[in-house]
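FYI, it's all coordinate maths here, none of it is from the lab. Just so it is clear, the model here is predicted, and its values are computed rather than measured. Reconstructed Cβ throughout: ideal geometry from the backbone, glycine too, with neighbour counts over all protein chains shown.
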Amino acid sequence: MTDIPVLEITNVEKHFGGLVALDSVNAAVESGKLTAIIGPNGAGKTTLFNVITGILPASAGQLKFQGQDITRKSAHEISRLGLARTLQIKSVFNGMTVRENLWIAAQSRDGVFKPFQRASKSKRANETADRICEELGLSALANQEASNLSYGDIALLEIGLALATEPKLLLLDEPICGMGPAETEQTVAKIQELAKRIDIVIIEHDIEVVFDISEDIIVMNLGQILARGTPKEIASNVAVRAAYLGDDDA
Amino acid sequence: MTPTKVHQLGIIALIVFTVAAPWVLPLFVDSFWVDIYSEMLIWSLLAASVNLLFGYVGLLSFGQALFFGMGMYGVAIGIAKMGLGFWPAFGFGTFLATAMAAVAGVFAVRLTWHYFAIITVVFSLIFYFTALSWKPLTGGDDGLPFSMPPIFTFGEDVKLSLTNTTIQYYFIALTVGLCYTLLAIVLRSPLGRAFRTVKENDMRASLIGLNVYLVRLTAFICAGFIAGVAGSLFAFFGRYASASYMFYHVSGEAVVWAIIGGVGTLLGPVVGTSLLIILREELSHVWEHYLLLVGSIVIIVVIFAPRGLGGLWHGLVNRLASRNDGTLDSSEETKL
Ligand SMILES: Nc1ncnc2c1ncn2[C@@H]1O[C@H](COP(=O)(O)OP(=O)(O)OP(=O)(O)O)[C@@H](O)[C@H]1O
Ligand SMILES: [Mg+2]
């Protein structure tokens, strides 16, 4: 099992009309490493996540999750297989409480087509929701409507929604964007802790954080993978410095 | 008193009123109001069907009258053309409406917002004109009358039939009550929460593993079933079926009732429907432009109380409760 990559991206392309957002992307994500994707605005990072998770169909290429072809699967099927993500533009279920948000994500594993069962009696989903509330420090807000949360707490709830589906692979799209310094520190620590039991790919603009937590960095630019390697290799890569880090003396 | 208790009291009051109406109403108003009240109960189910889609799943249908009409024709054709008894005809009407909803839903719920609204109108227009022109089966313009079969017979002497006005009233009230009970059960189930989740954010819902399409289709079929029961009841009530009840005008009226009563509240449609039918009964023959007033009410409600009278009631109860003991109750268990 360990030798097949958890995620395999082969010649994936995505076109929006004439715009090539993903241009023949090839990458394999290995299990057990925290992988980061960096790159300037508009590089195609979020688009890559959208294509992987079935939000957008790939224009060409193939995607495999744990060896299984997911190229043409829909978003909910991919989620059921154990691939979860957070969204860059934070969006949770605003009119529902924090606990209800997490509850439905957990319940989706057991199925929701149970019209004659009482929702409040779903033991596993209740427990999962409470556990994740606690894990993310949202317990005090459990009965608050999500629309009342601060931006940082919404970002945490985003992660919570993904975790409640009990994923094997978690894609995080700029999870700490908009958080204060203390929250950032906590969340980064949380992500590192999660990475011990879940495979994580993180898109992040904060280079310091990326170099600090990841073991494998993919650099994207103009829909292509520009470079890939350990933080050390990336830091010394001339092309990356020129294209992304804005290093003029390169 | 907790908000939940207040809501329970409200429901008990409504049930008591409904049970007592045949005796109590004639003490205060003309006895034809008993009939009108049973009509309100039936129509409220059509509004409830709109509310299930719009208030709980976020789909605005302007075509629910189609399923109401299917229920009506199912009963009338079942009795007048196929010689069915009371219960088989009732079952046939409801089945026809539900099946129609399954077929229309397969296409309609692929779309959202105005595209969804438009396709529901288109569907109901197609069948409206079909019903009008298919004279041998539907009676066309004249509608299809039938004579009421008994609900239940035992030997020669015991015979239960809706021709008895008291039996008719309680039959309608009981059936409508059962529909709301069923709706309440479904809404507090995992499926009911999935409805709300899809309404809140369909993209996010699919990312946590909900099959949004199937959730919407299920809701559409449930809504078709409720409208079908309403239509079947209305056929029994009027002892005929007519294409005019399938017209999108009727669908639109149900949307208005649901919005004024309060979308996303279980019993809002009963309030909205009753209020507007009373308005119609009282005003339409005194003032021919009374619809202007209805229109103004709708605009005021949409602007100032987007969750309708039901929403105002919830706000009031919650505010009183939080003033008393500082608790706020927003769980769906109490959203009645
Ligand atoms: N749904 C869409 N329709 C059309 N163009 C799109 C769509 N989504 C993304 N794009 C375009 O594709 C390109 C890549 O966008 P993407 O959001 O993937 O960038 P990103 O690397 O995530 O950038 P950022 O760091 O700003 O989040 C951009 O030029 C963007 O405008
Ligand atoms: Mg992005």
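Shielding of peptide B:157-170 by partners, expressed as the average count of other chain Cβ atoms within 10 Å per residue Cβ, is 0.
When Cβ neighbours within 10 Å are restricted to other protein chains, what is their mean count per residue of peptide B:304-314?
Numbers: counts 0, 0, 0, 0, 0, 0, 0, 0, 0, 0, 0.
Counting Cβ atoms of other protein chains within 10 Å of each residue's Cβ and averaging gives 0.
What FRET efficiency comes out for the pair residue A:116/residue B:166, r = Cβ-Cβ distance, R0 = 41 Å, nearest 0.05?
Values: r = 32 Å, r/R0 = 0.79.
That pair, residue A:116 with residue B:166, gives E of 0.80.
What is segment B:16-165 by shape, rounded, prolate or oblate, if you read a ≥ b ≥ c off the alpha carbon gyration tensor as root eigenvalues and call it rounded for a/c under 1.5, prolate for a/b larger than b/c, and oblate otherwise?
Working: a/c = 2.21, a/b = 1.35, b/c = 1.63.
Taking the square roots of the gyration eigenvalues as a ≥ b ≥ c, segment B:16-165 is oblate.
Using a 10 Å cut-off around each Cβ of peptide A:85-95, what is the average number of partner chain Cβ atoms that fall inside?
On the way: counts 2, 1, 4, 0, 0, 1, 5, 3, 10, 3, 7.
Per-residue shielding by partner chains comes out at 3.
Taking the Cβ of residue B:237 as the center, what net charge do the other residues with Cβ under 10 Å away carry, scoring Lys and Arg +1 and Asp and Glu -1?
Details: positive: B:239; negative: B:35, B:39.
Charge balance near residue B:237 sits at -1.
Suppose every K and R has +1 on its Cβ and every D and E has -1 on its Cβ; what is the size of the dipole of chain B about the Cα centre, in Debye to the nearest 20?
Working: 17 positive and 17 negative charges, 194 e Å.
That gives chain B a dipole magnitude of about 940 debye.
Across B:49, B:242, B:161, mean-square fluctuation computed from a Gaussian network of chain B (C-alpha pairs under 10 Å connected) peaks at B:161. Round to a whole angstrom and tell me the spacing of the C-alpha centers of segment B:123-192 and segment A:208-235. The distance from the Cα centre of segment B:123-192 to that of segment A:208-235 comes to 67 Å. About the centre of its Cα atoms, the protein assembly as shown shows a dipole size close to 1420 debye [charges on the beta carbon of Lys, Arg (+1) and Asp, Glu (-1) only; nearest 20 debye]. Derived scalar couplings between HN and Hα for segment A:42-53 equal x, 6, x, 5, 5, 4, 4, 4, 4, 6, 4, 8 Hz in order, rounded to whole Hz, by the Karplus curve 6.51 cos²θ - 1.76 cosθ + 1.60 (θ = phi - 60°), x for Gly and Pro.
Can you work out the FRET efficiency for the pair residue A:123 and residue B:142, with r the C-beta to C-beta distance and R0 = 41 Å, to the nearest 0.05? If you can, show how the numbers build up before the last one.
Numbers: r = 58 Å, r/R0 = 1.42.
Working from the Cβ atoms, E equals 0.10.
Across segment A:237-242, coupling constants 3J(HN,Hα) worked out from phi with the 6.51/-1.76/1.60 Karplus curve, θ = phi - 60°, read 6, 5, 4, 5, 4, 5 Hz, and Gly and Pro carry x. Separation of the alpha carbons by more than 25 angstrom is noted, of A:73/A:190; A:196/A:232; A:64/B:199; A:90/A:168; A:90/A:114; A:45/A:73, for A:73/A:190; A:64/B:199; A:90/A:114.
This ranking places A:79, A:147 by how few other beta-carbon atoms lie within 10 Å of each, fewest first, which gives A:147, A:79.
Amide H contacts of residue B:161: B:151, each under 5 Å away and 5 or more positions distant or on a separate chain (H built 1.01 Å from N in the peptide plane; Pro and chain starts excluded).
Structure remark: mean-square fluctuation, Gaussian network model of chain B, C-alpha springs under 10 Å; the largest value among B:71, B:58, B:261 belongs to B:58.
Suppose we flag GluC sites (Glu not before Pro) only when DSSP calls them loop and at most 13 other Cβ atoms lie within 10 Å. Which is the longest uninterrupted stretch of chain B? List each step's numbers first, then the result.
Values: sites that count: B:156, B:288.
Result for the longest clean stretch: B:1-155.
Qualifying trypsin sites (Lys or Arg not before Pro) in segment A:42-98, where qualification requires a DSSP coil assignment and no more than 15 other C-beta atoms within 10 Å, comprise A:72.
Calculate, for residue B:282 and residue A:189, the FRET efficiency according to 1/(1 + (r/R0)^6) with r their C-beta to C-beta distance and R0 60 Å; round to the nearest 0.05. According to the calculation, E is roughly 0.35. Bridging of residue A:14 to aspartates and glutamates at a Cα separation below 12 Å is possible for A:23, once same-chain residues fewer than 8 apart are set aside. For residue A:71, the residues whose modelled amide H falls within less than 5 Å of its own, excluding neighbours fewer than 5 places apart on the same chain, are A:63.
Give me B:98, B:166 ranked fewest to most by other Cβ atoms within 10 Å of their Cβ, as a rough exposure proxy. Don't skip to the end; give the middle numbers.
On the way: B:98 23, B:166 10.
Lowest to highest Cβ neighbour count: B:166, B:98.
Spacing of the modelled spin labels on residue B:290 and residue B:13, each 7 Å from Cα toward Cβ, amounts to 2.5 nm.
Grab the other residues whose beta carbon is less than 11 angstrom from that of residue A:159, score K and R as +1, D and E as -1, and report the net. Present the calculation step by step, with values, prior to reporting the outcome.
Working: positive: A:85, A:90, A:190; negative: A:135, A:153, A:158, A:173.
So the environment of residue A:159 carries a net charge of -1.
From the Cα gyration tensor of segment A:58-166, with a ≥ b ≥ c the square roots of its eigenvalues, which class applies: rounded if a/c is under 1.5, or else prolate if a/b is larger than b/c, or else oblate?
Details: a/c = 2.25, a/b = 1.43, b/c = 1.57.
Note, shape of segment A:58-166 comes out oblate.
Straight-line reach from residue B:159: taking Cα to Cα under 28 Å and skipping same-chain neighbours fewer than 8 places apart, the lysines in range are B:81.
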